[in-house]
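Right, one structure below, let's go through it.
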Amino acid sequence: MKRNLITATLVILTCSSVFLLFSCTKKQVLTAEKETKAPPTEVAKVEKETTVVKDQQQAESKEAERVRTATLEELEVAKKQEAEAKAWQEKAAVKFEAESIYFDFDKSSIRKEYRSVLEKKAEFLKDNTSIHIRIEGNCDKRGSNEYNLALGERRANSAKRFLVSLGVSPDRMVTLSYGEERPLALGHSEDAWAKNRRDDFVITEK
C-alpha cells in the first residue's frame, strides 16, 4: 500500500513537471512570436511611407520627362526662328544689293525720289550691324575716263554721306568708282545713259 502511494506521488510529480515545462516553453514561443511580429500600426506606417516614396519618385520622373520634352520643343522653336531669321536676312540682303540709286546727268546729288531707298538701306544696316558694304559709283560714257572716274567717286561718296547722316557708321562703308567701265545698258540714247548713272551697293562682309 505504501509503495503504491509513493508510485502515485512520483507519477503526479512527473506529470506536473512535464506540464509546467510545456507551459513555460509555449509561453516563451508566444513571447518570441509577439516580440518578432511588428504591431499592425507600424506595418501600416512603413507601407504608407513606401507608397509616398514611390509616388514621389514617379512624380519626379514625370516632371523630368516634362522638362526634357519642353526643352526639346523650345530648341526646335529656337532653331525654326533662327532659320526664319536667316532666310529673312538673306532675302533682305538680296533686296539691298538689287536696289540702285540713279543720278541726273553730270550730277552727284541724291535725287529726292531715292532718299527713301537710302533710308531703307540705312535701316537694314542698323539692324545688321555686322554687315559692311561697298558703294560703287558709275557714269554714262559721255566725258573722259578721268572725269567719269572722279564723278563716280563723288556719287559714291554722296550716298555714303547720306547713310552716315542716318546713323550708319562710316567705318562700315567703302567707296569705289568704276566711271563708265560697267554700263548696265548699251546704247546711245538717254534711256540707256540714265541707267548707267547710278550707285550700286554690294555687301562685302556679314
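The values are calculated or read from the model by the stated rules, or taken from the named source; none is laboratory data. Predicted model, so just to flag it, every value in this text is computed and none were measured. Cβ coordinates were reconstructed from backbone atoms using ideal geometry, including for glycine residues, and neighbour counts include every protein chain displayed.
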query: Would you call Asn145 in contact with a helix residue (DSSP H, G or I) (Cβ under 6 Å, 6 or more places away or on another chain) and assigned by TED's automatic domain parsing to the domain that holds Ala194?
result: no
- prompt: Restricting the first residue to region 134-147 and requiring it to be surrounded by fewer than 14 Cβ atoms within 10 Å (Cβ to Cβ), which pairs with a second residue that is part of a loop (DSSP other than H, G, I, E, B) meet a Cβ separation below 9 Å and a spacing of at least six or different chains?
  reply: Asn145/Glu180; Asn145/Glu181
Ile131 being over 32 Å from the mean Cα position of the chain (by Cα) and hydrophobic (A, V, I, L, M, F, W, C): no
field: Which listed residue, of Glu146, Glu113, Glu136, is part of a strand (DSSP E or B) and under 27 Å from Leu186 (Cα atoms)
entry: Glu136
statement: Every listed condition ((1) in the same structural domain as His188 (by TED's automatic domain parsing); (2) part of a helix (DSSP H, G or I)) holds for Thr71 save (1)
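Could you tell me which of the residues Lys126, Lys121, Lys107 is farther than 22 Å from Glu205 by Cβ and assigned by TED's automatic domain parsing to the domain that holds Leu166? Steps first, please.
Details: Lys126 fails: farther than 22 Å from Glu205 by Cβ; Lys121 fails: farther than 22 Å from Glu205 by Cβ.
None of the other options fit; the residue is Lys107.
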- prompt: Residues of region 163-188 being modelled with pLDDT under 95 and either part of a helix (DSSP H, G or I) or at positive phi (or both), which ones?
  reply: Gly187
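Has region 197-206 got at least one residue that is out of contact with any His (no Cβ under 6 Å at 6 or more places or on another chain), of a type outside the set (Gly, Ala, Ser) and either assigned to a helix (DSSP H, G or I) or free of Cβ contacts under 8 Å to residues at least 24 places away in the same chain (or both)? Give the derivation first.
Of all residues in region 197-206, those out of contact with any His (no Cβ under 6 Å at 6 or more places or on another chain) come to 197-203, 206.
The next check asks that each one be of a type outside the set (Gly, Ala, Ser); those that pass are 197-203, 206.
From what's left, either assigned to a helix (DSSP H, G or I) or free of Cβ contacts under 8 Å to residues at least 24 places away in the same chain (or both): none.
Within region 197-206, none of the residues are out of contact with any His (no Cβ under 6 Å at 6 or more places or on another chain), of a type outside the set (Gly, Ala, Ser) and either assigned to a helix (DSSP H, G or I) or free of Cβ contacts under 8 Å to residues at least 24 places away in the same chain (or both).
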- prompt: Among (1) assigned to a loop (DSSP other than H, G, I, E, B); (2) of a type in the set (D, E, K, R); (3) surrounded by 13 or more Cβ atoms within 10 Å (Cβ to Cβ), where does Asp104 come up short?
  reply: (3)
